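This report concerns only the one structure given below.
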2 protein chains.
Amino acid sequence: MFKSRLALLAVAVLVSPVTLNAADPLTMSGVLESADASDWRHPAQHDLLYLRLQDGVVVFELANDFAPRHIANLRELVRSQYFDGLAIVRSQDNYVVQWGDPDSGTDTARSLGDAAATLAPEFFRDRDGLRFTAVDSDDAYAPEVGFADGFPMASDGERAWLAHCYGMLGVGRANEADSGNSAELYVVIGHAPRHLDRNVTLIGRAINGLDLLSTLPRGDGAMGFYESAGDREPIVSMRFGDQLPANEQLEFDVLRTDTETFRNLVEARRNRMEDWFVDPGGRVGLCNVPLPVRHSQ
Amino acid sequence: MFKSRLALLAVAVLVSPVTLNAADPLTMSGVLESADASDWRHPAQHDLLYLRLQDGVVVFELANDFAPRHIANLRELVRSQYFDGLAIVRSQDNYVVQWGDPDSGTDTARSLGDAAATLAPEFFRDRDGLRFTAVDSDDAYAPEVGFADGFPMASDGERAWLAHCYGMLGVGRANEADSGNSAELYVVIGHAPRHLDRNVTLIGRAINGLDLLSTLPRGDGAMGFYESAGDREPIVSMRFGDQLPANEQLEFDVLRTDTETFRNLVEARRNRMEDWFVDPGGRVGLCNVPLPVRHSQ
C-alpha cells in the first residue's frame with residue numbers, strides 16, 4: 001500500500017543489540033538497535049507521576065534537579081489526594097492542556113491542606129552540577145541548548161532552565177511570580193512555546209499516554225478554557241508511582257542523554273540518511289530531538 | 001476565578017482601530033487593536049480549500065507562489081470529487097494528520113482521473129520575486145527566516161522554501177521525489193518538523209477549524225496510521241471555495257505580513273510586555289509568530 005513515509009518516530013521494542021557498522025549511514029533506528037542496556041535508565045516509581053483519566057493514564061517523569069520545591073509541594077498535594085475528582089480545565093490548540101480546581105480562587109475552592117499556597121519560583125538554576133549534553137544548534141531562544149538527564153534545557157552559560165518542548169509539564173501561575181504552587185499544572189501540546197521559558201516553573205515531561213490529553217476537544221472559552229463544567233474531562237486520580245499497587249505501576253526505560261549513543265542519535269536527526277530524504281538537512285532543533293521511551297522488558 | 005494566564009493567543013474580533021501610543025508597551029493585542037483595514041487581506045474563495053468532515057469544516061489558504069503545479073493538480077482532483085468519501089488515514093501525535101485513499105497503491109485504488117500521477121517537486125523556489133518580510137531570529141534550520149504573503153518561509157539567500165510550522169499543509173509522497181501528486185495531503189499538528197523542509201512540497205496552511213484534525217484519536221499503527229477502516233474519519237467532501245454555494249462560503253481576513261503592523265506584531269512577540277511575563281525574552285522563533293485570522297465583518 002502506498003503510504004507517504006514522512007518519518008519514523010515510533011520507537012520499536014528492541015530485541016537485542018546489534019553492532020553499528022561505521023560504514024552504515026547513521027539513522028535513529030540504527031542507533032537504537034545498536035544501543036545496549038547501559039544506554040537506558042529506569043526511572044524510579046517515586047519520580048513518576050500518574051494522571052488517571054477515565055480512558056487511561058498519562059505518566060510524567062519529574063525533573064528533581066530543576067524544581068525540587070515545586071515537586072515537594074506537588075507530593076504533598078498528591079499525598080492528600082488533592083487532585084482526585086478535579087478536572088482538565090483548559091485545552092488550547094497548538095499550546096497547552098491544563099488541569100486543577102475549576103473553582104480555584106472562589107469560596108468553594110478545594111483546600112490545599114498542608115501544601116504551600118505560594119512558592120519561590122524555580123524558573124532557572126545554576127548550570128554547574130548538571131549532567132549536560134550540548135546540542136550544536138542555532139536556537140531562537142537561548143545561546144546554548146542541550147539535555148540534562150533526559151530533559152531539554154537551555155542556558156546562558158551561567159543559568160540553566162528547562163525548555164518548553166512538546167510534552168513538558170509546568171506549573172500554572174497568576175501574574176505574581178510566586179503564585180505557582182503545583183495545584184494547577186499544564187502540559188505543552190503544540191509548537192514549543194519557548195517564550196514561557198524562565199517565566200514558569202517546569203517540573204517534568206510526559207513519557208507515556210500524552211495523546212489522552214492532546215486529543216481532548218479544545219475549550220470553547222478564551223485561551224481554550226472550558227466554559228461549561230460538563231465539557232471538562234474529570235481527573236480520576238493523580239498519584240506518584242510508589243503510592244500505587246504493583247499491578248498498577250508501569251515500568252519504563254528512558255534513553256540516557258549523557259552517552260555516545262544519544263549523541264549519535266542527535267547526529268542521526270541532524271543528517272537524515274533514511275532513503276526517503278532527498279535533503280538530509282544538516283541541522284537540528286532542540287525540540288526536534290526525540291527522547292525515546294520504551295516499556296521495560 | 002484564579003486562572004493561570006499563560007498567554008493570549010486568541011484573536012479578538014476587532015471593533016474599531018485605536019491609535020497605538022508610542023509610550024505604551026507593544027503587545028499583540030495592542031498592535032491588533034491599532035491595525036486598520038488596510039492591514040488585512042481577504043483571500044479569494046478560489047484560493048481557499050474546504051475539507052468537510054462530519055463535525056465541521058477545515059479551511060486552508062493555498063500558497064500559489066510556492067507550489068503552482070501541485071495546486072493545479074489538486075484543483076483537478078478536487079474538480080473530479082476525488083476526495084469525497086475517502087478518509088483521514090493517519091494521526092500521529094506531535095507530528096501530522098494525513099488524508100487520502102486508504103487503498104492507494106492497491107488494485108482497488110481510486111482513479112486519479114485527468115490529474116497527473118507524478119509531479120516535479122516544488123521543494124523550493126527562487127527567493128527573488130517574493131514579498132518577503134524577514135524575522136531576525138537564530139533559526140535551527142535555515143540562515144534566514146520570515147514571511148511571504150502570510151506563509152512562514154526560510155531561505156539560504158538564493159532559494160526560498162515554505163517552513164513546516166504548525167498548521168502547514170503538505171503533499172505526501174513515497175521515496176521518489178516526484179511521487180507526490182496532491183492525492184495524499186498532510187497537516188502539521190505538532191512541534192514544527194522542519195527537517196521535512198525542502199523534502200516535501202508544502203502548498204498552504206490551515207486558517208480555520210484545524211482542531212477538528214488535531215484532536216482526532218491517534219492512529220494505532222506504525223507512524224500513526226489507522227489499522228482499522230472503522231477508525232478512519234471519513235471525508236465528506238473537499239472543495240475550493242468558488243465551487244461552493246454562497247451560503248457555504250466562509251469569509252476571512254488574514255493579517256498581511258508586509259506591513260508595519262505585522263513587523264510590530266513580531267516585535268511584540270519578541271519582547272513580551274504583558275503583565276504576566278517576568279522575563280520579556282527578547283527573542284522570537286519563526287513558528288512562534290502567530291498569523292492572525294478573523295471572520296470578515
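Worth a mention:
- Every residue from region B:85-109 that is in contact (Cβ under 8 Å) with a residue 12 or more places away in the chain, out of contact with any Lys or Arg (no Cβ under 9 Å at 6 or more places or on another chain) and farther than 15 Å from B:Gly172 by Cβ: B:Asn94
- Residues (part of a loop (DSSP other than H, G, I, E, B) and closer than 22 Å to B:Asp156 by Cα) located in region A:257-272: A:Arg272
- Subset of region A:278-297 (residues that are closer than 18 Å to A:Glu33 by Cβ and basic (Lys, Arg)): A:Arg294
- You will find that of B:Glu248, B:Glu260, B:Glu267, the residue that is modelled with pLDDT of 95 or more, closer than 30 Å to B:Ala72 by Cβ and among the charged types (D, E, K, R) is B:Glu248 and no other.
- Residue match in region B:64-86 (condition: surrounded by fewer than 23 Cβ atoms within 10 Å (Cβ to Cβ) and at positive phi): yes
- Check on B:Asp39, surrounded by 14 or more Cβ atoms within 10 Å (Cβ to Cβ), in contact with a Ser or Thr (Cβ under 6 Å, 6 or more places away or on another chain) and away from every other protein chain (no Cβ under 14 Å): yes
- Residue check for A:Asp138: surrounded by fewer than 20 Cβ atoms within 10 Å (Cβ to Cβ) and within 29 Å of A:Val284 (Cβ to Cβ): yes
- Sole residue being under 24 Å from A:Pro290 (Cα atoms), touching a Lys or Arg at 6+ places or on another chain (Cβ under 9 Å) and in contact (Cβ under 8 Å) with a residue 24 or more places away in the chain, chosen from A:Ala183, A:Ala160: A:Ala160
- Within region B:217-228, considering residues that are facing chain A (nearest Cβ under 7 Å) and either outside any helix (DSSP H, G or I) or of a type in the set (D, E, K, R) (or both), the one farthest from B:Val96 (Cα to Cα): B:Pro217
- Picking from residues in region A:257-290 that are small (Gly, Ala, Ser) and in contact (Cβ under 8 Å) with a residue 40 or more places away in the chain, the one that is nearest to the other protein chains (Cβ to nearest Cβ) is A:Gly285.
- Those strands (runs of 3 or more DSSP E) of region A:98-212 in which at least 1 residues are at the interface with chain B (Cβ under 8 Å from one of its Cβ atoms) and of a type outside the set (Gly, Ala, Ser), considering only elements entirely within it, cover A:185-188.
- Matching residues, region A:232-265, being farther than 19 Å from A:Gln297 by Cα and of a type in the set (Val, Ile, Thr): A:Ile235, A:Val236, A:Thr257, A:Thr259, A:Thr261
- B:Arg75 among the charged types (D, E, K, R), over 22 Å from B:Arg294 (Cβ atoms) and more than 19 Å from the chain's Cα centre (by Cα): no
- The set of residues in region A:237-272 being among the hydrophobic types (A, V, I, L, M, F, W, C) and crowded, with 16+ Cβ neighbours inside 10 Å consists of A:Met238, A:Phe240, A:Leu244, A:Leu250, A:Phe252, A:Val254, A:Leu255, A:Phe262, A:Leu265, A:Val266, A:Ala268.
- Among the residues of region B:273-297, those identified as out of contact with any His (no Cβ under 7 Å at 6 or more places or on another chain), in a strand (DSSP E or B) and surrounded by 15 or more Cβ atoms within 10 Å (Cβ to Cβ) are B:Val293, B:Arg294.
- Matching residues, region A:60-97, being outside any helix (DSSP H, G or I) and among the β-branched types (Val, Ile, Thr): A:Ile88, A:Val89, A:Val96, A:Val97
- Scan of region B:229-256 for residues that are within 14 Å of another protein chain (Cβ to nearest Cβ) and not in a loop (DSSP other than H, G, I, E, B), ordered by number: B:Ala229, B:Asp231
- Of the criteria (1) β-branched (Val, Ile, Thr); (2) away from chain B (no Cβ under 11 Å); (3) surrounded by 19 or more Cβ atoms within 10 Å (Cβ to Cβ), which one A:Val89 fails: (2)
- Which numbered condition A:Leu53 fails, given (1) crowded, with 21+ Cβ neighbours inside 10 Å; (2) within 22 Å of A:Tyr186 (Cβ to Cβ); (3) in contact (Cβ under 8 Å) with a residue 60 or more places away in the chain: (1)
The values are calculated or read from the model by the stated rules, or taken from the named source; none is laboratory data. Worth saying up front: this structure is predicted, and the values here are computed from it rather than measured. When we count neighbours, we look across all protein chains shown, and the Cβ atoms used for this are built from the backbone with ideal geometry, even at glycine.
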